[in-house]
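The values are calculated or read from the model by the stated rules, or taken from the named source; none is laboratory data. Everything quoted here is computed from the prediction, not taken from an experiment. Because the Cβ atoms are built from the backbone with ideal geometry, glycine has one as well, and the counts that use them run over all protein chains shown. Note: accessible area is taken over every heavy atom of the protein model, side chains too, but ligands, DNA and RNA are not part of it. Shrake-Rupley method; radii C 1.70, N 1.55, O 1.52, S 1.80 Å.
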Amino acid sequence: MRLSRYFLPVLKETPAEAQIVSHRLMLRAGMIKQQSAGIYSWLPLGYKVLRNIERIVHEEQIRAGHIPMLMPTLQSADLWKKSGRYDAYGPEMLRIRDRHDRDMLYGPTNEEMITEIVANYVTSYKALPLTLYHIQWKFRDEVRPRFGVMRGREFLMKDGYNFDVSKEEALHAYNRHLVSYLRTYERMGLQAIPMRADSGPIGGDDTHEFLVLADTGESEVFYDSEVTDLTFGDREIDYDDKAACQAVMDEFTGRYARTDETHDEALFNEIPEERKRVARGIEVGQIFYFGTKYSESFGAMVQNEAGERVPLHMGSHGIGVSRLLGAIIEASHDDNGIIWPEGVTPFHCGIVNLKQGDAEADAACEGLYAALEAEGLEPLYDDRNERAGGKFATMDLIGLPWRITVGPRGLKNGVVELTSRKTGESEEMSPEAAVARVAEIYAPHRSVNAGI
Ligand code: ATP
Ligand code: MG
């Protein structure tokens, strides 16, 4: 993309309404525009990051054997009356009446709808295990929408639902989700710690929330500092292997890590003093096992191997796709702007032309642009007739992890400059070497499957 032809409405001033850094930077970098309280338009740069996050979520869900689909945003109230949640959900639910006076609602989540679908089609254990998911807009009429996309009213969520013949199988699905979530967040450059949580209005027994530590987080969390040493990394795992998934669950949830609702002071005090931590966290996901609660309301039953009709064991599993943009920025920024992790960056590499209009500099930039594209990368070329300082400030603000700077002086010696946004370190090299280096950096961040 050439910046002269893009739509990147960056703001010079710090917007007064934004209380936290991620919200300020998303507004300043021209990523989002508020349309009404808690409802945003995704401007081109923000939309690109949103799509990248969504793609990683899809890839890791599909890798775990979960199946993508799409359910509507508007739901019939009848579904929710069946489960008893139409009344229980309260004022957070946006209720709508259509022209025929039928009660509808904008879905805050989809347990009812998916259970009704599965109850319609699945009759035998042979169709199981089954995990269906979608990435769809949700609406919750939050009392206090704030912090930009972190607590919106309309927000994008991945929600997945597992259907299993027994509790044991459903707990395997729970563990599988935990593993897939660890991988998902790590690919986005985030450490999200699974913590024992409270199940709230969904109801149920087992639940863990995934929290990104940040001072601006809305949750108070308690943990053993050893949990922050854990990473999943690039280990191989067979998602069908129950023992292997259980081992990861035990490893990542075996130490004390809890949200305030489940905090137990006596247990916490057993941790050696120097390892006790009380901090704030941003909830970026949650997994639940809740047994047969919804399958019983909707008659989602199957015949098991013994020929008995049994209700399906279920769980639901959510990732806050749009909230993740805020969480990533909270975890990765400096005074000059955003620092995107390579996995989610809107463009792979910036190209800054220090002397637009200089024949040699222009040609070198065009050459870099074509070479990066030939490597399957997406560069953002600042080809505007602006001062170098302004170009650098824009690149720093929008946070591309790598920048190639091209100027007549360097070109005399056959070099350009490759700069890391994170460390600020620059290195001179030939344009070919810069392209090769950038391609090598992104090699581990390529798409892993295309089965969406
Ligand atoms: P919270 O406690 O933050 O209100 P929740 O526990 O009600 O969230 P879930 O039902 O678990 O949310 O939804 C799954 C994920 O969707 C959450 O982990 C969070 O990342 C995201 N999410 C929930 N509410 C919002 C919101 N208002 N704006 C943006 N993302 C949200
Ligand atoms: Mg939650």
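The figures follow:
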item	result
Residue within segment 293-301 that is of a type in the set (Phe, Trp, Tyr), surrounded by 24 or more Cβ atoms within 10 Å (Cβ to Cβ) and either within 16 Å of ligand 2 (Cβ to nearest atom) or assigned to a helix (DSSP H, G or I) (or both) present	yes
One residue from 401, 379, 346, 341 being farther than 30 Å from residue 65 by Cα and touching a helix residue (DSSP H, G or I) at 6+ places or on another chain (Cβ under 7 Å)	379
Failed condition for residue 129, given (1) over 24 Å from residue 180 (Cβ atoms); (2) modelled with pLDDT of 95 or more	(1)
Test: residue in segment 299-306 that is free of Cβ contacts under 8 Å to residues at least 40 places away in the same chain and either away from ligand 1 (no atom under 16 Å from the Cβ) or hydrophobic (A, V, I, L, M, F, W, C) (or both)	yes
Residue 181 under 28 Å from residue 348 (Cα atoms) and assigned to a helix (DSSP H, G or I)	yes
Selection from segment 94-111 of residues that are of a type in the set (A, V, I, L, M) and farther than 24 Å from residue 299 by Cβ	94, 96
Test: residue in segment 328-337 that is within 30 Å of residue 187 (Cα to Cα) and within 16 Å of ligand 2 (Cβ to nearest atom)	no
Subset of segment 257-278 (residues that are buried (at least 16 other Cβ atoms within 10 Å of the Cβ) and more than 13 Å from ligand 2 (Cβ to nearest atom))	257, 258, 263, 268, 271, 277
Matching option when the condition is of a type in the set (Gly, Ala, Ser) and part of a helix (DSSP H, G or I), among 46, 65	46
Filter result for residue 266 (in a helix (DSSP H, G or I) and within 16 Å of ligand 1 (Cβ to nearest atom))	no
Elements of type strands (runs of 3 or more DSSP E) in segment 184-256, at least 1 residues being within 16 Å of ligand 2 (Cβ to nearest atom) and over 27 Å from residue 111 (Cα atoms)	219-224
Count of residues meeting criterion [more than 10 Å from ligand 1 (Cβ to nearest atom), open to solvent by 20 Å² or more (accessible area, probe 1.4 Å) and touching a residue at least 60 places away in the same chain (Cβ under 8 Å)] in segment 130-173	9
Condition broken by residue 222, with the remaining ones in (1) within 14 Å of ligand 1 (Cβ to nearest atom); (2) in contact with a strand residue (DSSP E or B) (Cβ under 8 Å, 6 or more places away or on another chain) satisfied	(1)
So residue 322, is it part of a helix (DSSP H, G or I), hydroxyl-bearing (Ser, Thr, Tyr), within 16 Å of ligand 2 (Cβ to nearest atom) and surrounded by 14 or more Cβ atoms within 10 Å (Cβ to Cβ)	yes
Close pairs from segment 280-291: first among the hydroxyl-bearing types (Ser, Thr, Tyr), partner part of a strand (DSSP E or B) and more than 9 Å from ligand 1 (Cβ to nearest atom), Cβ under 9 Å, at least 6 apart	289/162; 289/206; 289/313; 289/314; 289/315
Some residue of segment 339-349 being of a type outside the set (Lys, Arg), part of a strand (DSSP E or B) and touching a strand residue (DSSP E or B) at 6+ places or on another chain (Cβ under 6 Å)	yes
Selection status of residue 125, in contact (Cβ under 8 Å) with a residue 24 or more places away in the chain, within 22 Å of residue 165 (Cβ to Cβ), open to solvent by 40 Å² or more (accessible area, probe 1.4 Å) and aromatic (Phe, Trp, Tyr)	yes
Hits in segment 401-421 - residues which are of a type in the set (D, E, K, R) and over 34 Å from the mean Cα position of the chain (by Cα)	409, 412
Lone qualifier among 224, 198, 206 - being open to solvent by less than 60 Å² (accessible area, probe 1.4 Å), charged (D, E, K, R) and under 30 Å from residue 90 (Cα atoms)	206
Single condition residue 243 does not satisfy, out of (1) aliphatic (A, V, I, L, M); (2) within 19 Å of residue 171 (Cβ to Cβ); (3) within 20 Å of the chain's Cα centre (by Cα); (4) open to solvent by 50 Å² or more (accessible area, probe 1.4 Å)	(3)
Test for residue 25: is it touching a helix residue (DSSP H, G or I) at 6+ places or on another chain (Cβ under 6 Å) and surrounded by 18 or more Cβ atoms within 10 Å (Cβ to Cβ)	yes
Positions within segment 305-319 being open to solvent by 30 Å² or more (accessible area, probe 1.4 Å) and either within 16 Å of ligand 2 (Cβ to nearest atom) or in a loop (DSSP other than H, G, I, E, B) (or both), in sequence order	305, 306, 307, 308
